[in-house]
Structure formats: C-alpha cells, structure tokens
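Q: Take this structure first; my questions come after.
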Amino acid sequence: MAIRLEREPRERQATWAESGNSVVVDILRSWGVTFFAGVNGGGVVHVAKSFEPFDDPAQAHDGVSRLLTMSEYVAGFAPLGYWLASGRVAGCLTTTGAATKLGASGLSDAKLHNIPAVYLVALNSTLSIGNGPLQDVSEHGMNIVPQLEAELGEGCVVIDNINRLEDGMRRAQHMLKRSKPVAIAFHPDVLSRPTDAAAPWTSNPATFAARDVAEFLEEFPRVSRGRRVVIYVSGEAAFVPGIREATTHLSHLLRAPTVWSVNGANAVSPTNPWGYGYISFGGNDAAMELWRGLTADDVVVTLGFDPGEYSLNLGRIPAGWVYHFTDLRDPYGHKHGEFRHRAAHEYRMVRGDIGMVLREILPRLERTVGERPHTPMAPRDLNTREISRDTRPGTVDAVEFYGRLHRMWRPGSIGFDDVCTAYKDRQYVAQRPSEAIRFFTTHDGSAMGGGFGLGVGAKCAEPDLHTFVFTGDGCWRLFGGALADAANLGLNVFVVNNGVLGIVDKGLEVIIPDVEKRRYHSRLPRIDFTRAAEAHGWEAARVAPDLSDLGDIVDACYERRGRSLLVEVPVDPDQLIGLNPRLANLTTKTYL
C-alpha cells in the first residue's frame, strides 16, 4: 500500500527550527508521518519539542506532527496498528537505552509482518562516549547500533554526521517503500547542528512484471488442466482494493478450494463458496484436512506468502506447483528474494501489485482454463471436532461467546487479537471472516501485550473506526500501566481472564504431559480487571457467565464516544477450542 503524502513541511519559525532535530520532523511530516508515540526525556528532548501533544482523537487528521505520551513497550506497537487501520506510516520515539529495548518488540513485529514504520532512536552524545554516560548505548555499553543493524540491515540509519542527514533520510524512505520498518538512530549533539537537508517523497506508480504475467498465462492453463487448484490467501493481499471480489472470482473460475491465514482472512469474502477456512494456528478442521491432503499432483496459488510458524508450521507446501503472487521485495522469511525453499516442488513468482495482476489475468483465464475438475464447495460447517461445552461455574462457554460476537459486528470495525487464547479460538469459532470487521494479529513475533498497542495505533489513525482488542490476563501484565494514557481514545478491550498463561498451560500438557502442573509456571494471581480499569479512568463491565448481558455490552461499545471500555470475560482454561499445530514441533528435539 502506497504511503499517502499529506502535508508540506511546516513553516520554520522558532529559533531552533534550523537544527537537524526539527528538520527530521519536517521531512517525516512531508512524507505524511505525523503521529508518534513514546516518552520524552534524555536524548530525544530536542526532537520531541518539535511535536505538539496528541491530546484528543479529533486531532488525528489535522496534519500536525504530534506525540502521544505512552510507555515505550506499548508505543512500539502503535505504528503497526496505525498502518493496519489506515495504510499510513507512523512512528515511535524512544530515548537512550532501555527505552529502545522496550520499543524494539514492536519494531521486530513490524519487520516480521512487513509493516513500514519509523523508530526514532536516541544514541549518546558523541562527547560523552567513553566516559560512562547514563544508559550507555555506545560500543562500550549496550552497543545498540550493531544490534539494530543486525535486525534491520539497511533499515538502520545512523545520523553521525549532519552532512549525511539527507542521504540517511533518503535511505529511510527507500526502506519504507519496501514495506520495512526503519530505525533512525542519532547522536543528539550531531542532530542539534544546523542543516538545510531535504528529502521530498517520490511516488512510484503501482505496476507488475509483464514477463511474469505472460509466463504465468502461458504455463498455468496447461499445468492446471485436470488438476486440483488450491488458493492460499495471505496477509499481503488484505490491503488490495476490491480483493474480496477478486479472490471469489478466482476461486469460482478455478473451482479452487480456498484457505487463508489469520491476516489473509481480510482478503476473503465470507460468502465465497469455496472458502474452507483458516489454516494452521486456530485453523478450521475442513481447511486443515484439505491442506494436509495436498499432494504433488495439486497446484497452489498463493496471494502473498505468510511464511511464519503459525501459518505454515515450519513446513514446505507439498503441491507440485506453487505460483506466488507478490509485490513485496525481500519480505520476512525470504531466501534470495523468494520462497522457493518453502515449496516442495516447482515454484514460480509473479511479481507486481496483486490487484493489478488479478485484473490482468482473470479475463484471460476465463478463455484459457477450460473445463475444470469437479471439486466440492466448502461445507457449511467448517469444523468437525467435538468441543466440551461443560465449563466451570462462573465462566462463559467460549464457543458461544465468540459465536455470538461474530454475529454482532457492525460495519466500520477493526479488531486485534493479542497473544492469548483468543488469537487461536476466535477464528476457529468464527470459521469465516466478517464483512463488518477486519481482524489482525502480529503472531509472528508473538509478543504478549502487543495487541493493546495495535489498538491504540489504530484508534489514533482512524478515530471513527470502532476498535476492538482481545487480550489476555497474562498480556495485561505488559500494558496495564498504560491504560490511563488511552482512557479517552474510545477503545474497546476485552480481557480473556482464565487465570493462567493459557497458551503455555494447555501447550505443556502436550509437550511435557508427565510433569506436574505446578512446574508449568503458568498460574496467574487474580486481578479485578474492572476495578483496575475504572481506577485508570476507563469504563468497565464483566460479561455474565450466561452471556445475558453480552448484547448490551456490544451496544455500549458501538454507541459510546470518548472514554475507553474494558470488558472482562471469565473463561475456563480447560476448554480447548482452537488447536496449536506448533506443539508437535516443540515435542520434537529437532526444533527445541
């Protein structure tokens, strides 16, 4: 998705306006990067003074560079939610040392999910290096620059010479265009020097590789003749305009059973008759049976490619031919720019904007694919497992809870699943995506508590979006202190409270079944989440075990404005819903 250029650089009026501190903010603003989250202090004070406070969601589209004061762990995820909600780039501000370490969890997830984001990182003053400065990040201390370079490569831009600021910002722009996060690490004394650097945004039109498309159109009809085609929809496709209609058209044309990753679901219509469901983590039974049944006689078309363990479970796609449509360059998980190593047999890449490629090939395929083998449409019920509905007293039946919610979503909604049982159970119960809400998770990093930051970023990007976060009582421990900073954003946060670290607790029953449960170290002390939320300025509610008040709670989520709402959901930790195929890897010494 292209970054939208929103404003010209602001007029420089203050006495410090010609310093590199304000020039960096101006350049980013000219690119449309106006929202940052983080904490002021130390090495960033002269950058932070160029920002206005982000006090109210009504300021979201005023074009002013603003800073939302929020702890760096949460702030590190905010640019991801901002991008997922709006397609616009945002940033995180981290001062020297520990703050960078905290924000880096979100930075890592941005890399793992190919999300462009800006992280402004303060280094030590060059005058203090070697003299034991506070939070020493130089080569004598944390040595943070090599760490960032190891993770981001060219995405780590170091400002150690004010005369090279312009070159550094141009490199940052290049990396953002490749859907990658950038860390702009600067020495405060260097960035405080005068500069007239400028780096205007240059736009590249969407396009596709004509040769790749021509070769696909020549080969695919021949290869697919008489063979089953399966479509795998990944997260990259979620941002393509009109993608749900296009994937349905492709599924229908090829009579192709279609499966999707949790983020790829946003590119699939719930009425696609060949929609077999989510695969892998929390995957539906029909989709998993189909995926596990792939053979060398099958053909797979992937729209994007989600390579992570929760999507492909460390395996290779066993089909005889894999056609990979993508517009990403060197995405996470690639090898030499492609995913040939994740295909068991033949692999072809079709490069270019996925929407443009589909518009190019669909009319031609209608004339060339010919008679397709009979493949059954998806069953109405995509799940066949028997799940216990006999839950502990005082807890909800999570199957009924997620099922009712799925029918209650309203248009203009976005949701985020945190690292808790919700991010495998919700989609299993829902089976198919909803027309009314998009759901995202950053499961490749699997950082607990990150979902809250995603929700914060989304709400700051698009205040009119009804924003929902599903998080756990374990995740709460990582963001609970930031609730006060989000009290007036109008967030809706559901805390799935099962008294344990749920993914760990149930997983270890499979991985180390002979070990007594007290050694799982998964039990959590009780918290009254509603009272804690109210103490932080939120409204709060607790779902009744019989779900009798769920309708009223959802109405409150959609009808209210201003104060954020936390909803506690008491859940039985022993009700096993969505499955975790990764557990098989953790019982194999090869992967330990």
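Q: Looking at Gly451, is it closer than 30 Å to Arg255 by Cβ, outside the structural domain of Arg222 (by TED's automatic domain parsing) and part of a helix (DSSP H, G or I)?
A: No; evaluated as a whole, the condition is false for this residue.
Q: Would you kindly identify the helices (runs of 4 or more DSSP H) lying entirely within region 72-183 that contain at least 2 residues that are over 25 Å from Ile27 (Cβ atoms)?
A: Answer list for region 72-183: 72-75, 98-112, 144-152.
Q: Which one of these is in the same structural domain as Thr442 (by TED's automatic domain parsing), surrounded by fewer than 21 Cβ atoms within 10 Å (Cβ to Cβ) and not aliphatic (A, V, I, L, M): Arg426, Arg392, Arg410?
A: Arg410
Q: Out of (1) assigned by TED's automatic domain parsing to the domain that holds Asp298; (2) crowded, with 19+ Cβ neighbours inside 10 Å; (3) in contact with a strand residue (DSSP E or B) (Cβ under 6 Å, 6 or more places away or on another chain), the odd one out for Ala378 is which?
A: Going through (1) assigned by TED's automatic domain parsing to the domain that holds Asp298; (2) crowded, with 19+ Cβ neighbours inside 10 Å; (3) in contact with a strand residue (DSSP E or B) (Cβ under 6 Å, 6 or more places away or on another chain) one by one, Ala378 breaks only (1).
Q: Please go through region 246-297 and pick out each residue that is part of a loop (DSSP other than H, G, I, E, B) and over 25 Å from Asp353 (Cα atoms).
A: Pro273, Ser280, Phe281, Gly282, Gly283, Asn284, Gly293, Leu294, Thr295, Ala296, Asp297
Q: Just give me the residues in region 14-61 being within 23 Å of the chain's Cα centre (by Cα), among the polar types (S, T, N, Q) and not in a loop (DSSP other than H, G, I, E, B), in sequence order.
A: Of everything in region 14-61, nothing turns out to be within 23 Å of the chain's Cα centre (by Cα), among the polar types (S, T, N, Q) and not in a loop (DSSP other than H, G, I, E, B).
Q: Continuing with this model, one more query. Counting only residues that are surrounded by fewer than 20 Cβ atoms within 10 Å (Cβ to Cβ) and over 18 Å from Ser261 (Cα atoms), how many does region 313-346 have?
A: Count: 12.
Q: How many residues does region 328-363 hold that are of a type in the set (Lys, Arg) and under 21 Å from Trp274 (Cα atoms)?
A: Residues that pass the stated criteria total 1.
Q: What's the total number of residues in region 325-370 that are outside any helix (DSSP H, G or I) and out of contact with any Leu (no Cβ under 6 Å at 6 or more places or on another chain)?
A: 26
Q: Does Arg477 meet the test of being of a type in the set (Lys, Arg) and in contact with a strand residue (DSSP E or B) (Cβ under 6 Å, 6 or more places away or on another chain)?
A: No: the conditions fail for Arg477.
Q: Hey, does region 564-586 have a residue that's part of a loop (DSSP other than H, G, I, E, B), in contact (Cβ under 8 Å) with a residue 60 or more places away in the chain and more than 21 Å from Asn498 (Cα to Cα)?
A: Yes, region 564-586 contains at least one residue that is part of a loop (DSSP other than H, G, I, E, B), in contact (Cβ under 8 Å) with a residue 60 or more places away in the chain and more than 21 Å from Asn498 (Cα to Cα).
Q: Which one is surrounded by the fewest Cβ atoms within 10 Å (Cβ to Cβ) among residues in region 486-543 that are within 21 Å of Thr69 (Cα to Cα) and among the small types (Gly, Ala, Ser)?
A: Of everything passing the filter in region 486-543, Ala535 is surrounded by the fewest Cβ atoms within 10 Å (Cβ to Cβ).
Q: Looking only at residues in region 544-563 that are outside any loop (DSSP other than H, G, I, E, B) and of a type in the set (D, E, K, R), which one is surrounded by the fewest Cβ atoms within 10 Å (Cβ to Cβ)?
A: Glu559
Q: Now for a separate question. State all residues of region 225-281 that are farther than 19 Å from Arg292 by Cβ and of a type in the set (Phe, Trp, Tyr); if no residue qualifies, say none.
A: Listed by number, the list holds a single entry, Phe239.
The values are calculated or read from the model by the stated rules, or taken from the named source; none is laboratory data. All values derive from a computational prediction rather than experimental measurement. Heads up, the Cβs are rebuilt from the backbone with ideal geometry, glycines too, and the neighbour counts pull from every protein chain shown.
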